[in-house]
1. Counting just the Cα atoms, what span does the range 50-157 cover along each of its three principal axes? Round to the nearest Å and put the largest first.
2. Please state the Cα pair-distance histogram of the range 106-146 with 5 angstrom bins from zero: what percent is in each bin?
3. Is the shape of the range 99-169 rounded, prolate or oblate, going by the alpha carbon gyration tensor and its root eigenvalues a ≥ b ≥ c, with a/c under 1.5 for rounded and a/b larger than b/c for prolate?
4. Helix-only estimate, please: 222 nm mean residue ellipticity of the chain, summing -39500 (n - 2.57) across DSSP H runs of length 4 or more and dividing by its residues, to the nearest 500.
5. To the nearest 10 degrees, how steeply does helix 89-98 sit against the main Cα axis of the chain, on a 0 to 90 scale?
6. Using all C-alpha to C-alpha distances in the range 37-93, build P(r) with 10 Å bins and read off the rounded percent in each one.
7. Roughly speaking, to the nearest percent, how much of the chain's 1.4 Å accessible area is carbon and sulfur?
8. Is the range 132-180 rounded, prolate or oblate when judged by the Cα gyration tensor, a ≥ b ≥ c being the square roots of its eigenvalues, rounded requiring a/c under 1.5 and prolate requiring a/b larger than b/c?
Amino acid sequence: METDKRILAAVLGVLRRGGPGAVTVEAVAELAGVAKTTIYRRYADRQELLRAALAGAIGDPGQPPDADPREKIRWALGQTWQQMTEVLGPGGLAAIVGDTDRRFTELFRSILVPYADALVALIRADVAAGKLRDDLDADTAVSLMVGAYLGELVRRGTVGADFADRCIHMIWVAMTAGRE
């Protein structure tokens, strides 16, 4: 079990620094301190290795807190942004934004879907409960918030801890249309 953890941690380490193209069995074996054959006994190829590492790091989004709409959105947005920061890192994000490895981009999107879907579902539930605008497009709101993260990262090279609060504050009026 310890060997598996070292291998998957090595995959994420290589991914964060160099992107998916840098994730080779050789690079992972070296960083994990294992033989290539140890990796091949567990994973058929590089794609399977990436899938296992991403799935293990991302996991299930879990249940949102029992809170007001703003806090639920902050929670879900924080989880989504965490995946981009802590799982992908600069190397993985660059690959996705540049779509330099289409298979990796699709793999990451497929694993991130539960997080985006959870945020969309939270917004739709609060629209249905009358807490947010009736005509609010939840999918577009989520894209705006994810895009805001990427925009801040491009502009400043980092995303501050208070950015989620500032982002939500900026779009809250549009989302509530005076319902607050």
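1. 42, 30, 21
2. Distribution as computed: 5, 25, 28, 21, 11, 6, 3, 0 percent.
3. In terms of gyration-tensor shape, oblate.
4. -23000 deg cm²/dmol
5. Helix 89-98 and the main axis of the chain meet at about 70 degrees.
6. 20, 37, 27, 12, 5, 0
7. Answer for the chain: carbon and sulfur cover 54 percent of the accessible area.
8. oblate
The values are calculated or read from the model by the stated rules, or taken from the named source; none is laboratory data. Values in this document were obtained by computation on a predicted structure and should not be read as measured data. Positions of Cβ are backbone-derived with ideal geometry, glycine not excepted, and every protein chain shown enters the neighbour counts. We work out accessible area using only protein heavy atoms, side chains counted, and drop any ligands, DNA or RNA first. Shrake-Rupley method; radii C 1.70, N 1.55, O 1.52, S 1.80 Å.
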